[in-house]
Amino acid sequence: MSDEMIASVLVTGSSRGIGLELVKTFLKRSKPPQHVFATCKNPTGAQEFIPLLKQATQEGPKDKMCCSKASVINITSELGSLSKIPNVFLSFPAIPYSCSKAALNMLTRLQAETYKKDGILFVAIHPGWVQTDMGGPQELKKFSEKHENVIVIRLDSTDSASINATVKQVEKHLNGKNLDLLINNAGVLNPQSLETQTAEDMLQVYNINVVGPMLVTQAFHHLLKRYGEESNAKSAIIHISSLLGSIEGVPKMFSSFPVISYRCSKAALNMLACCHAVGYKQDGIISLAIHPGWVRTDMGGSQALLSKEESVGEIMKIISSLNETQSGTFVDYKGIHTPW
Ligand code: NDP
């Protein structure tokens, strides 16, 4: 697919890591796409803090048992302050986040009252606006402000309502034209061994790494599909997979990276990529799975071999020369065939 053939691309999970780099690199092509739909779970940078809430609930009584004068600090946010909402809502309309922090503040108050008699202090602290990974989407936001063809849209790839809302926005921008390229990049890795793997984690990782790409692709199929006179033109779906999903690769790399749920999910994603290649062939859609290499991102860690720029630079070369013969394959970032 030459530069001219990609007028529109949608990337999932573009708040950071490989996804953000893909978005930036598309803009550096000799003829950048007219529409780069940079989708991310949380464009405002806010996260839902249900796990923190749960942790706070569980840790109250636990601390009580450890020491007689325990303190519990619940890290909250001023976005959870009802009195501050009139000032901050328009700049940070992070509804699930604000609600969860308000709930955490309430929980802190209830805990404080309940455990006062036991000598336990409960306090909710707003840490300020700190530069952390939570600031990630801010980089995407700043980037999109400088490039009018980058359109940032909220998309949680596991949430059908969010996907359908994104489809509607994309349809509006494309105004009857095709979506040329869909990159299912969003993914998670929870390091679990055969001993520690839980059903809950297995399902959660499968949901994000497999069900997500399945739902997203299903929802965008009608925009990817080529009709009538355009039948020679192709669209493409790229699934960002991993060498850790290679079944043949297990004996070589298992002991270094057991990561059970991740490995199984990527093997399943490879199967999905193959099904898309066969099932959508008559619609003029190419589908393949790409291993991006071991990349220095939040997921890959600082010891990884490749920078994001190196990995994505190579992936761009694959995209530029993409054709039907590669559909249904699994290649690494250099375009070399990877065993299933
Ligand atoms: P990061 O952890 O840096 O980024 C993951 C991205 O996925 C984030 O943007 C995250 O969004 C997004 N995401 C997670 N869950 C969802 C969801 N439900 N809906 C939408 N977005 C979601 O990882 P990488 O950039 O390293 O990884 C990108 C892809 O590359 C993944 O599929 C990964 O498996 C694959 N890969 C990475 C390798 C590496 O070495 N880094 C090696 C092999 C494969 P948010 O910021 O909101 O959490």
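On the given criteria, is T25 within 15 Å of the ligand (Cβ to nearest atom) and within 16 Å of the chain's Cα centre (by Cα)? Step through it out loud before you land on a result.
Values: within 15 Å of the ligand (Cβ to nearest atom): yes; within 16 Å of the chain's Cα centre (by Cα): no.
Against the criterion (within 15 Å of the ligand (Cβ to nearest atom) and within 16 Å of the chain's Cα centre (by Cα)), T25 does not qualify.
Filtering the range 264-279 for residues that are more than 30 Å from E200 (Cβ to Cβ), free of Cβ contacts under 8 Å to residues at least 24 places away in the same chain, touching a Gly at 6+ places or on another chain (Cβ under 8 Å) and surrounded by fewer than 15 Cβ atoms within 10 Å (Cβ to Cβ) leaves an empty set. Does T325 satisfy the condition of being assigned to a helix (DSSP H, G or I) and not charged (D, E, K, R)? Yes: the conditions hold for T325. The set of residues in the range 1-22 that are more than 15 Å from the ligand (Cβ to nearest atom) and part of a helix (DSSP H, G or I) comprises D3, E4, M5.
Residues of the range 93-110 that are free of Cβ contacts under 8 Å to residues at least 40 places away in the same chain and under 20 Å from L121 (Cβ atoms): N105, M106, R109, L110. Residues that are hydrophobic (A, V, I, L, M, F, W, C) and touching an Asp or Glu at 6+ places or on another chain (Cβ under 9 Å) within the range 319-340 comprise just one, W340. A count restricted to the range 283-323 and to residues that are in contact with a helix residue (DSSP H, G or I) (Cβ under 8 Å, 6 or more places away or on another chain) and of a type in the set (D, E) stands at 3.
For the range 234-258, enumerate the residues that are in a strand (DSSP E or B) and within 12 Å of the ligand (Cβ to nearest atom).
Selection gives I238, H239, I240.
I need the full set of residues from the range 180-193 which are away from the ligand (no atom under 13 Å from the Cβ), in contact with a helix residue (DSSP H, G or I) (Cβ under 6 Å, 6 or more places away or on another chain) and of a type in the set (A, V, I, L, M, F, W, C), in order please.
Filtering the range 180-193 down to residues away from the ligand (no atom under 13 Å from the Cβ) leaves 180-182, 192-193.
Filter again for in contact with a helix residue (DSSP H, G or I) (Cβ under 6 Å, 6 or more places away or on another chain), leaving 182, 192.
Answer for the range 180-193, where residues must be away from the ligand (no atom under 13 Å from the Cβ), in contact with a helix residue (DSSP H, G or I) (Cβ under 6 Å, 6 or more places away or on another chain) and of a type in the set (A, V, I, L, M, F, W, C): just L182.
None of K177, K117 is in contact with a helix residue (DSSP H, G or I) (Cβ under 9 Å, 6 or more places away or on another chain), basic (K, R) and surrounded by fewer than 16 Cβ atoms within 10 Å (Cβ to Cβ) except K177.
I need a count of the residues in the range 299-321 that are part of a loop (DSSP other than H, G, I, E, B) and within 23 Å of A268 (Cα to Cα). Spell out the reasoning first.
Our first condition is that a residue be part of a loop (DSSP other than H, G, I, E, B); within the range 299-321, this holds for 299-305, 307, 321.
Now drop any that are not within 23 Å of A268 (Cα to Cα), which leaves 299-300.
Summing the residues that are part of a loop (DSSP other than H, G, I, E, B) and within 23 Å of A268 (Cα to Cα) in the range 299-321 gives 2.
Readers should treat all values here as calculations from the given coordinates under stated rules, not as data from a laboratory. The model shown is predicted, which means the values in this text are computed figures rather than measured ones. Backbone-built Cβ (ideal geometry, glycine too); neighbour counts: all protein chains shown.
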